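Have a look at this one.
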């Protein structure tokens with residue numbers, strides 16, 4: 001009708017709506033894919049099965065992520081971002097010091113199995129079950145983003161004079177990343193298959209003894225003289 005202006009949505013609003021729908025779709029794909037990768041493993045998980053569960057075309061997933069590797073990489077990033085950082089420990093634990101924070105998280109390692117087994121399984125696949133090119137991307141991400149907050153945690157220990165001053169900070173971060181990851185994996189392997197390592201004694205006592213021994217060794221390696 002003459003004299004009544006036609007209402008047209010500004011392009012920026014339409015673009016924002018499209019972007020929001022696209023991000024929502026990506027998030028749904030990642031959530032479903034995380035469960036598929038966790039349950040099936042990297043090799044056995046099929047993009048077609050993920051698409052079928054979502055009711056979308058397989059090509060739509062490739063349009064968003066480029067490849068199965070690209071999809072897994074996004075799944076892996078979401079998984080490790082869901083884990084707590086070292087300094088997320090309660091204030092009273094942080095006040096007790098660097099090595100007590102480590103003890104706190106090690107004692108709660110089984111939480112990864114009982115409550116976070118899907119992201120933990122995905123993190124295991126990324127760390128041990130992917131090819132070299134994808135592993136390289138994962139390593140770059142871990143270095144760039146520091147999802148566990150290892151760098152500020154090591155700085156925290158140095159500021160409290162609990163760590164060796166002659167030790168390069170990057171080396172301390174690397175040592176902590178390597179040893180904590182492997183030791184927690186060992187604790188969880190025991191939880192999954194008690195017969196693998198444990199032969200005698202009370203399971204809880206064994207776990208506490210192993211944690212104490214690990215922390216003693218780590219303290220001797222990177223702890224300040226006279227600490228521990």
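The values are calculated or read from the model by the stated rules, or taken from the named source; none is laboratory data. Keep in mind the model is a prediction, meaning the values are calculated, not measured. All Cβ positions, glycine included, derive from the backbone under ideal geometry; neighbour counts span all protein chains shown.
Among the residues of segment 96-117, write down those that are in a loop (DSSP other than H, G, I, E, B), closer than 15 Å to residue 185 by Cα and touching a residue at least 40 places away in the same chain (Cβ under 8 Å).
Going through segment 96-117, the residues in a loop (DSSP other than H, G, I, E, B) turn out to be 97, 108-110, 115-116.
Adding the requirement that they be closer than 15 Å to residue 185 by Cα leaves 108-110, 116.
Correct list: 109, 110.
Looking only at segment 118-147, which residues are within 20 Å of residue 30 (Cβ to Cβ) and outside any helix (DSSP H, G or I)? First the steps, then the outcome.
Restricting attention to segment 118-147, the residues satisfying the condition of being within 20 Å of residue 30 (Cβ to Cβ) are 118-127, 129-130, 134-135, 137-138, 140-142, 144-145, 147.
Within segment 118-147, 129, 130, 147 meet the criteria.
Taking the residues in segment 104-114 that are buried (at least 19 other Cβ atoms within 10 Å of the Cβ) and more than 12 Å from residue 90 (Cα to Cα) as candidates, determine which candidate is farthest from the chain's Cα centre (by Cα). Let's see the steps before the verdict.
Here is the first cut: in segment 104-114, the ones buried (at least 19 other Cβ atoms within 10 Å of the Cβ) are 105-106, 109, 112.
From what is left, the residues that are more than 12 Å from residue 90 (Cα to Cα) are 106, 109, 112.
Details: 106: 15, 109: 13, 112: 10 Å.
My answer is 106.
Mind listing whichever residues of segment 70-92 are free of Cβ contacts under 8 Å to residues at least 24 places away in the same chain and surrounded by 15 or more Cβ atoms within 10 Å (Cβ to Cβ)?
Scanning segment 70-92 gives 70, 89.
Confirm whether residue 93 is assigned by TED's automatic domain parsing to the domain that holds residue 173, assigned to a helix (DSSP H, G or I) and either in contact with a strand residue (DSSP E or B) (Cβ under 7 Å, 6 or more places away or on another chain) or at pLDDT 95 or above (or both). Full working, then the answer.
On the way: assigned by TED's automatic domain parsing to the domain that holds residue 173: yes; assigned to a helix (DSSP H, G or I): yes; either in contact with a strand residue (DSSP E or B) (Cβ under 7 Å, 6 or more places away or on another chain) or at pLDDT 95 or above (or both): yes.
So residue 93 passes the test.
For residue 219, all conditions in the list (1) at positive phi; (2) modelled with pLDDT of 90 or more hold save one; what is the number of the exception?
(1)
What single numbered condition from (1) in a helix (DSSP H, G or I); (2) surrounded by fewer than 17 Cβ atoms within 10 Å (Cβ to Cβ) fails to hold for residue 161?
Only one criterion in (1) in a helix (DSSP H, G or I); (2) surrounded by fewer than 17 Cβ atoms within 10 Å (Cβ to Cβ) is unmet by residue 161, namely (1).
Enumerate the pairs (first residue in segment 14-34 and farther than 15 Å from residue 54 by Cα; second residue anywhere and in a helix (DSSP H, G or I) and modelled with pLDDT of 75 or more) with beta-carbon separation below 9 Å, excluding pairs fewer than 6 apart on the same chain, so at least 6 apart or on different chains.
none
If you don't mind, there's one more thing I want to ask. Are any residues in segment 39-53 buried (at least 17 other Cβ atoms within 10 Å of the Cβ) and more than 15 Å from residue 69 (Cα to Cα), and if so, which ones?
Within segment 39-53, the subset buried (at least 17 other Cβ atoms within 10 Å of the Cβ) is 42, 45, 47, 50-51.
51, the sole residue that qualifies.
Determine whether segment 47-66 contains at least one residue that is under 30 Å from residue 154 (Cβ atoms), in contact with a helix residue (DSSP H, G or I) (Cβ under 7 Å, 6 or more places away or on another chain) and in a helix (DSSP H, G or I). Let's see the steps before the verdict.
Just the residues of segment 47-66 that are under 30 Å from residue 154 (Cβ atoms), to begin with: none.
No: segment 47-66 contains no residue that is under 30 Å from residue 154 (Cβ atoms), in contact with a helix residue (DSSP H, G or I) (Cβ under 7 Å, 6 or more places away or on another chain) and in a helix (DSSP H, G or I).
Can you list residue pairs whose Cβ atoms sit under 9 Å apart, with the first residue in segment 53-69 being touching a residue at least 60 places away in the same chain (Cβ under 8 Å) and the second being surrounded by 14 or more Cβ atoms within 10 Å (Cβ to Cβ) and part of a helix (DSSP H, G or I)? Count only pairs 6 or more apart in sequence or on different chains.
Close Cβ pairs (under 9 Å, with a partner that is surrounded by 14 or more Cβ atoms within 10 Å (Cβ to Cβ) and part of a helix (DSSP H, G or I)) amount to 69/134; 69/137.
Please tell me if residue 132 is more than 30 Å from residue 160 (Cα to Cα), over 18 Å from the mean Cα position of the chain (by Cα) and in the same structural domain as residue 211 (by TED's automatic domain parsing). Give the steps one after another, and end with the answer.
On the way: more than 30 Å from residue 160 (Cα to Cα): yes; over 18 Å from the mean Cα position of the chain (by Cα): yes; in the same structural domain as residue 211 (by TED's automatic domain parsing): yes.
It is true that residue 132 is more than 30 Å from residue 160 (Cα to Cα), over 18 Å from the mean Cα position of the chain (by Cα) and in the same structural domain as residue 211 (by TED's automatic domain parsing).
Do we have any residue at all in segment 166-182 that's part of a helix (DSSP H, G or I) and modelled with pLDDT under 90?
The initial filter retains those residues of segment 166-182 that are part of a helix (DSSP H, G or I), namely 169-182.
Imposing the further condition that a residue be modelled with pLDDT under 90 reduces the set to 181-182.
Yes: one or more hits.
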